[in-house]
């Protein structure tokens, strides 16, 4: 498929990104030089699992959010579509004691950046109770737990609200319902009918959220009510949940299967 921003196949290419559409930009940030350090463009035959050198799986259910799906590593739930996208598909089926299946893929122990621009071009699913997300967790979660490890939600979405996405930050003293969060409303479209680029620009002492290079949210350490825990490595997560506290359960209007298509995931760091 035609790539948004073009094909990049050599790591370390320097890009000049013009953020002229930022809704709260200033002249000092209108030109940022970024170096591509990691990417996956999901090229390959239909039905192939994502690159095992880049992605692993969280297999299981609930995840502390009352989610209803069982997340698997089966190609029925996560595989390339043959057109340059990764498809994460939620299905209504009986599996491992749950009524739905889906997938949750992670870069844990494979790629864990500290700072940078983390972005993905995604077409979202739709429907009551469908909960896709593109997010990050601190790599020390196994030793310090959540929310002390930190969580950066680059994009969360309620399938029943196809024009709205959310960006959030969770940490000690500001998590769950008390997380710092903002939403972006797409005035002339829906997130399930076309691809959009979701990104954060993460620096020491600042995190910015973007949709299609429009900055809609910024958080600084002075704004959090507890400890700032965002100066260490994090890993990337892509998943489609079914049900859970954030969206509620599916209902009779929800059509299955529902698929999130990911064109690419790219990570940049600021160049010299």
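Of the peptides 210-216, 66-72, the order by per-residue mean of other Cβ atoms within 10 Å, starting with the highest, comes out as 66-72, 210-216. Here the label points at residue 37 and residue 62, each 7 Å from Cα along the C-beta direction, are separated by 3.7 nm in the simple model. According to the square roots a ≥ b ≥ c of the eigenvalues of the Cα gyration tensor, what is the shape class of the stretch 43-95, taking rounded for a/c under 1.5, prolate for a/b larger than b/c otherwise, and oblate for the remainder? Since a/c reaches 1.5 and a/b is larger than b/c, the shape of the stretch 43-95 is classed as prolate.
Counting every C-alpha pair in the chain, the share spaced more than 25 angstrom apart comes to 43%. When each of the peptides 233-243, 42-52 is scored by the mean number of other C-beta atoms lying within 10 Å of its residues, the order from highest to lowest reads 233-243, 42-52.
The value of relative contact order for the chain, using C-alpha pairs under 8 Å at least six residues apart, is 27 percent. Taking the Kirkwood radius as Rh and the Cα radius of gyration as Rg, the stretch 141-204 has a ratio of Rg/Rh equal to 1.05. Relative to one another, the C-alpha centroids of the stretch 109-178 and the stretch 55-78 are positioned 15 Å apart. DSSP assigns beta bridges within the stretch 14-270; of those with both partners inside it, close to 95 percent run antiparallel.
If a/c stays under 1.5 just call it rounded; otherwise compare a/b with b/c (prolate if a/b is bigger, oblate if not). Do that for the stretch 176-217, with a ≥ b ≥ c from the square roots of the Cα gyration tensor eigenvalues. The shape class here is oblate. Determine the shape class of the stretch 142-262: with a ≥ b ≥ c the square roots of the Cα gyration tensor eigenvalues, call it rounded for a/c under 1.5, and otherwise prolate if a/b is greater than b/c, oblate otherwise. Prolate shape, in that a/c is at least 1.5 and a/b is the bigger ratio. For the stretch 87-193, the fraction of C-alpha pairs farther apart than 23 angstrom is 39 percent.
Bear in mind these aren't lab numbers, they're just calculated from the coordinates by the rules spelled out. Just so you know, these numbers come straight off a predicted model, no measurement behind them. FYI the Cβ positions are ideal-geometry reconstructions off the backbone, even for glycines, and counts take in every protein chain you see.
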